[in-house]
């Protein structure tokens, strides 16, 4: 093939609309999934649900209040995959059986689709932040400090919505595991986004950020690395510890929160925004982990290893002081009023996306903990006269999870299937004629347990 024909082929690969490009990416064999609910220890394969992705409207970006919409979930699954292809992922068991997947994941075909879509997909996923956050008029160090102190105090004043939902759940163990899965999204690759902002030369603030980075990496001691002690916590719950074992159960809010730090650190024009965001995160982590320890000890006693939480409750109090004084305020002092709005915007956006994490996780816990009531609600839900969607499954069908922009009633037309809404909790067995209400934004998967299961999806008509 000539260089000219290669160039023409590359142009063809990345052409078309954003929706066409990301659907081409998701349709790659690496991302079509398999029949297993949990992913095997292969960091290159993850289910992007190409069939459901085909329904997503990539011409209509989600607004700030639509962070749990399916098109937001789909976009953030894609973004997370795009960002991780710019990091080094190697399986613990070695590459002997996975070298072909390694070559595909990092290869030119998928790279061309990623690079031709990434900036536009970021605008789709995070453009809502521009309208949701207003930092006009904030140009002084004093305004920045006052706002920062206000939002940190606010975060520490009330209970975490997600932890509150766990404490109030009937099945508290499954609810706690669902929360651990959301933390695993970052917990097993911790500080990967931060590493992108360590290069260059920008003075003492660079060294302050590096102190935090090397703490996260256990000062070069693998057994002390935060990802290592996070895996110990998962093992104490008899949960899988390989990267993205629980990919199918990551919610849109946690995905958006994790992606947000990659989004900022990919573009160094957003460095000051990143500095504000990471300062807010470090300031609120310590009290959050203190609360998590109390809730998990009440549920599991000493049967769960909470070294990771204790470590963060201790070290993040220190990191919070470092980032506030030696990064956030130091940058404002050194670089003047023009950077203050960006620093403040980072604080405000991190607060907002952190709220998405909490609200989405709490809502999923409450719904998954009360599926029997949603069977009852399905019978009374008014549904559209439009023809329902129809899904035909076998036990060998690829398993994936999705949500919907509108509330739906899932009905079993033929056969038997399990509705799965949590990574470790019991599945909800549905047989012919059974129906269940799925609120907008709730994540679920369906797995056939009979040779064939046929499901119908009815859109719920909003009540007046």
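Readers should treat all values here as calculations from the given coordinates under stated rules, not as data from a laboratory. Model, not experiment: these values are computed from the prediction. We place every Cβ from the backbone using ideal geometry, glycine too, and count neighbours over all the protein chains shown.
Can you put 128, 455 in order, fewest other beta carbons within 10 Å first?
128, 455
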How do the peptides 174-184, 380-390, 59-69, 270-280 rank, highest first, by the average count of neighbouring beta carbon atoms within 10 Å per residue? 270-280, 174-184, 59-69, 380-390
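Give the order of 17, 81 when sorted by the count of other beta carbons within 10 angstrom, beginning with the fewest.
On the way: 17 12, 81 21.
Placing the least packed residue first, the sequence is 17, 81.
Quote the FRET efficiency, to the nearest 0.05, computed for residue 318 versus residue 434 with a Förster distance R0 of 35 Å and r equal to the Cβ-Cβ distance. Could you put the intermediate results ahead of the total?
Values: r = 53 Å, r/R0 = 1.51.
With a Förster radius of 35 Å, E is 0.10.
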Fewest Cβ neighbours within 10 Å first, please rank 47, 194 accordingly. 194, 47
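Taking a ≥ b ≥ c as the square roots of the eigenvalues of the Cα gyration tensor of segment 3-126, is the shape rounded (a/c under 1.5), prolate (a/b larger than b/c) or oblate?
Numbers: a/c = 1.92, a/b = 1.17, b/c = 1.64.
Judged from the Cα gyration tensor, segment 3-126 comes out oblate (a/c at least 1.5, b/c at or above a/b).
With a ≥ b ≥ c taken as the square roots of the eigenvalues of the C-alpha gyration tensor of segment 134-369, please select rounded if a/c is under 1.5 and otherwise prolate if a/b is larger than b/c or oblate if it is not? Could you put the intermediate results ahead of the total?
On the way: a/c = 1.97, a/b = 1.55, b/c = 1.27.
Cα axes put segment 134-369 in the prolate bin.
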